[in-house]
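Before I ask anything, let me first share the structure, which is written out below as structure tokens.
Read the figures in this text as sums done on the coordinates, not as results from a lab. Bear in mind the structure is a predicted one, so any value in this text is a computation, not a measurement. Cβ placement follows ideal geometry from the backbone for every residue including glycine, while neighbour counts extend to all protein chains displayed.
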Amino acid sequence: MPAPNATEKRPEAGIVLMQRLDALAECSDESGALTRLFLSPAHRRAINRVSGWMREAGLAVSLDAAGTLIGDWPAPSPDAPVLLLGSHLDTVRDAGRFDGALGVLAALDAIAELREAGVSLPFAVRLLAFGDEEGVRFPVTLTGSRALAGTLDARTQLAAADEDGITLGAALRDFGLDPAGLDRARFTGRALGFVELHIEQGPVLERLDRPLGIVSAINGAARYRIGVQGEAGHAGTVPMAGRRDALAAAAEMMVAIRRIGLAHPGLTATVGRIEAFPGAVNVIPGRALFTLDLRAPSDSVRATAWGEIDTALRRIAAEHVVDISIERTHEAPAAPCDPALMDALSRACASVGVAAPVLPSGAGHDAMAMAALCPMAMLFVRCRGGISHNPAESVRPADAALAVRALVGFIRNLVTEGISS
Ligand code: GLV
Ligand code: MN
Ligand code: MN
């Protein structure tokens, strides 16, 4: 098989990819910012746009019961194994245009290139564009990848409600999907593996001056919703001593969380959202709600830190004479990447002239859910300043094109090296 040089024959490849990323970023639920939440009108528009590009590449397009857009390049034989590629279409609020979208569209570019080159593969390729990696709209996440991997707890997941009280089940129905049929989203074939290309979202590759990297493992993560119940009162008449101020208690809790986060190497502890009720300048807050996102490369470090946080929060609640409720809304153990796939990706990077360093992923990915189904691996692409979850997210077109070439080489190598059997 010839060297993976097809992208060199398509010098416009990186440019087209960037144009598509720009076009996809127009699919937003907010004007003037990119916010594309799971099962929103913008998600629908993104699905329509990407479906069109998938069809242009000759893929058979479908949408599964969990809202995952699927582009299939079938194998000559129906019982051939399937190589799964992809990432996600949803975004955080006021997002950058590369997180998730790059992985979907770069994989599509790689597939298009192989098809244009007339390559015939002994396995099928399925491109997956998941809809719920960020877990921003509902207090649950990885709906598409968990449904596909067969690890979704459908009852809990479907009952989760967004801030307007719309449950995930109702939102799926409004999107034209059948929540009762979530089981049908489960992958039942023989999966060779899942490979997710993604921007690094951190500064390591830029500091090492390398465009591409290979992920060793994805950090484990848990998310919590913490409610503090005190007593509302008049801001001018109730003396400071003896108040049951829910927000003051929550503020002390956040300071404790940060202290514990700093005390454990590798741990991250983030309070990303806070609300106070009733939320008026002259009312002592009677209720406060905040979220906690806790991650670590080691599940036991994360468990120890959570134990310390739980104790600290309850102690602070007792000191302020407020009640506390703690709900864990997400839990995903640390997921190691598959050594054989990592090695194959590393050789594919070398074949395009990149000595790709190996690094862990602090960010969560659909690949962590896919690890329950099949071997998985990830290819990281350098981003400017390590900035992500921010509109300033930026990737060089040349790096993106190099990643596509590496993915093309990786797929070709699966054939020549017989990893496909
Ligand atoms: C998703 O990007 C996450 O890591 O939270
Ligand atoms: Mn992502
Ligand atoms: Mn993200």
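So if I take the centroid of the Cα atoms in the stretch 174-206 and the same for the stretch 8-86, what is the distance between those two points in Å?
Between the Cα centres of the stretch 174-206 and the stretch 8-86 lies a distance of 12 Å.
Would you please give the FRET efficiency between residue 93 and residue 416, computed as 1/(1 + (r/R0)^6) with r the Cβ-Cβ distance and R0 = 35 Å, to the nearest 0.05?
Once the sixth-power term is evaluated, E becomes 0.20.
Computed on alpha carbon atoms, what radius of gyration and Dmax characterise the chain, expressed in Å?
Final numbers for Rg and Dmax: 22.8, 82 Å.
Rounded to the nearest 0.05, what FRET efficiency do residue 280 and residue 163 give with R0 = 25 Å and r taken as the Cβ-Cβ distance? Could you check?
That gives a FRET efficiency of 0.80.
How much length, in nm to one decimal, is gained on full extension between residue 310 and residue 117, taken as 0.36 nm per residue of separation minus their Cα-Cα distance?
63.8 nm
If contacts are Cα pairs under 8 angstrom and at least 6 residues apart, what is the relative contact order of the stretch 151-253 in percent?
Answer for the stretch 151-253 is 12 percent.
Peptides 70-78, 95-103: what's the order by average Cβ count within 10 Å, highest mean first?
95-103, 70-78
Still on this structure, please answer the following. Name the helices (complete DSSP H segments) of the chain with a Cα length along the long axis of 15 Å or more and a Kyte-Doolittle mean of at least 1.0, or state none.
For the chain, where a helix must reach 15 Å along its axis and average at least 1.0, the hits are 13-25, 101-116, 246-263, 397-416.
Give the distance, in whole Å, between the Cα centre of the stretch 290-367 and the Cα centre of the stretch 136-156.
For the stretch 290-367 versus the stretch 136-156, the Cα centre distance is 17 Å.
Report the relative contact order of the stretch 220-332, percent, no decimals, based on alpha-carbon pairs under 8 angstrom and at least 6 residues apart.
Once divided by the residue count of the stretch 220-332, the mean separation gives 46 percent.
Additional query: With the radius of gyration and the Kirkwood radius both derived from the Cα set of the stretch 220-332, what is their ratio Rg to Rh?
Radius of gyration relative to Kirkwood radius: 1.03.
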